[in-house]
Amino acid sequence: MSTHPHDRIDALTHAVDAERIAALTCALVAEPSVNPGGTEEEAVAVLAQACRDAGFDVALSEAAPGRPNLIATVNGDTDGPGLMFLGHSDVVPPGPGWTADPFVPRRDGDLIIGRGTSDMKGGIAAVVEAMILIGRAVDEGMPVSGPVRLVVTVDEEEHGVGVRHLVQNPPPGEYVGCIVAEPTRLDVVRGCRGASYFTVEVTGRAAHSGRPSDGASAIDAAAKVIGVIGDDQRRMAADPDPLLGYGTWNVGTIEGGQGISVVAPTCTMGVDRRLMPGEDVAEIGEALAAEVRAAGIDGDGIAVSVTPTMYLPGFATAEDHPLVAASAQAIRDAGAATTVGGWSAACDGGWTSTALGIPTVVLGPGDINGQAHQPDESVPLSELVTAARTYVRAALTLL
């Protein structure tokens, strides 16, 4: 191998083993790790063994009983800043429409098909392959300033138990950046909106439907609350951010009433609010409650409460940050086209950026819109290979 660093990096990227990536992707898909359900443990065990077999240092930490986060490390040759890769081990339920068992991975030409291939077990497998080659570079004497760590959390698809545990128990050391291997089709995402959930409970007064004026309908009041939410949505849409657009509301669930012949005494809504960087979930809930009061919905037998139940912050990394530039150049050097921009989805990278203070980008194989959470979810193996090559280049450039 040439002694020139660029030549050595080229040689390492050409050593990416496509079938090793495919084998680990398929092994992870075969362990369902469906959430909700808290079933990540077996998939994490498969990943932990693969990392141990590769010579990584592996630590497991239970975020909840039977729900372990994983941290796998390739150590550099100094105690300088390292690089973090971030992923999650859970997948959403398969849902209808599959043409075969979603947890029996199958190949169709370049495609690997199965639940989690795109979101995001394929991306995790690509990181593991990259870390194998980075470890080889360290063994061969290439100077690497600090550790390369793969952090895989549980419960990303639901309430973020895993990443909250990570924030409370962060891996040691400083980091030049965090690359979240979520599916971006190898575009560099330097900013993401966050997410939050609210439960809106409306209580009214029951009465016989023959005399509805004797009661106070919680369902009617809930409809007015939805109108207030729509007004706020239009206000935000009128002033979009150039990178991330604007916050959005979605009333995802609604349940209420006692019976057809009864004025509804209760109604409960589950509401999603996508967050812009810096927005505070408690302030948003308080503002919605204030808007409901200002609209005159509260009172006369009606009470409305707004309670946040989940929070994932948004973030934005500066376009000229070295992590952004190195990531984009690594993709191009790996032979793929890329763009740099924002993402409407949310991910655990919001916590690494805001709570841990680590500059963060999202960059991974697969398609968040066309494949993730879809029947017959798939990822091209060629894209996994390019991702692994990109991760090697980015890590060795930054470190």
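Side notes on the structure shown:
- Scanning the stretch 301-325 for residues that are touching a strand residue (DSSP E or B) at 6+ places or on another chain (Cβ under 6 Å) and not in a strand (DSSP E or B) turns up Gly301, Pro313, Gly314, Thr317, Leu323, Val324.
- Taken together, the residues in the stretch 77-110 that are outside any loop (DSSP other than H, G, I, E, B) and either surrounded by fewer than 22 Cβ atoms within 10 Å (Cβ to Cβ) or at pLDDT below 95 (or both) amount to 3.
- Residue in the stretch 45-63 that is in contact with a Lys or Arg (Cβ under 7 Å, 6 or more places away or on another chain), of a type in the set (Phe, Trp, Tyr) and under 20 Å from Val152 (Cβ atoms) present: no
- Only listed residue being surrounded by 23 or more Cβ atoms within 10 Å (Cβ to Cβ), assigned to a strand (DSSP E or B) and of a type outside the set (Asp, Glu), chosen from Val127, Val151: Val151
- From the list Gly357, Gly335, the one residue that fits, being over 14 Å from the mean Cα position of the chain (by Cα), in a loop (DSSP other than H, G, I, E, B) and within 23 Å of Gly82 (Cβ to Cβ), is Gly357.
- Meets criteria (more than 26 Å from Gly160 (Cα to Cα) and outside any strand (DSSP E or B)) for Gln329: yes
- Output for the stretch 163-199, where each listed residue is surrounded by 20 or more Cβ atoms within 10 Å (Cβ to Cβ), charged (D, E, K, R) and outside any loop (DSSP other than H, G, I, E, B): Arg190
- Residues that are more than 25 Å from the chain's Cα centre (by Cα), on the phi < 0 side of the Ramachandran plot, of a type in the set (Gly, Ala, Ser) and modelled with pLDDT of 95 or more do not occur anywhere in the stretch 115-126.
- Hits in the stretch 212-247 - residues which are assigned to a loop (DSSP other than H, G, I, E, B) and in contact with a helix residue (DSSP H, G or I) (Cβ under 8 Å, 6 or more places away or on another chain): Tyr246, Gly247
- Within the stretch 46-61, the residues that satisfy the criterion of being assigned to a strand (DSSP E or B) and without any contact (Cβ under 8 Å) to a residue 24 or more places away in the chain are Asp57, Val58, Ala59, Leu60.
- Breaking point among (1) surrounded by 22 or more Cβ atoms within 10 Å (Cβ to Cβ); (2) out of contact with any Phe, Trp or Tyr (no Cβ under 7 Å at 6 or more places or on another chain); (3) farther than 17 Å from Asn169 by Cβ; (4) not hydroxyl-bearing (Ser, Thr, Tyr), for Val74: (2)
- Any hit, the stretch 210-227, residues being in contact with a Lys or Arg (Cβ under 8 Å, 6 or more places away or on another chain), more than 17 Å from Ala345 (Cα to Cα) and surrounded by 18 or more Cβ atoms within 10 Å (Cβ to Cβ): yes
- For the stretch 248-300, residues that are part of a loop (DSSP other than H, G, I, E, B) and surrounded by 13 or more Cβ atoms within 10 Å (Cβ to Cβ) total 12.
- Screening Ala303, Ala345 for residues that are among the small types (Gly, Ala, Ser) and either crowded, with 22+ Cβ neighbours inside 10 Å or closer than 30 Å to Pro212 by Cβ (or both) leaves exactly one candidate, Ala303.
- All positions within the stretch 22-45 that are part of a loop (DSSP other than H, G, I, E, B) and either on the phi > 0 side of the Ramachandran plot or among the hydroxyl-bearing types (Ser, Thr, Tyr) (or both): Ser33, Gly37, Gly38, Thr39
- Selected residue [in the same structural domain as Glu158 (by TED's automatic domain parsing), modelled with pLDDT of 90 or more and over 23 Å from Glu158 (Cα atoms)] from Glu19, Glu41: Glu19
- Qualifying residues in the stretch 269-309 (those that are without any contact (Cβ under 8 Å) to a residue 24 or more places away in the chain and among the acidic types (Asp, Glu)) - the one nearest to Gly227 (Cα to Cα): Asp298
The values are calculated or read from the model by the stated rules, or taken from the named source; none is laboratory data. Note that the structure is predicted; figures quoted are calculated from it, not measured. All Cβ positions, glycine included, derive from the backbone under ideal geometry; neighbour counts span all protein chains shown.
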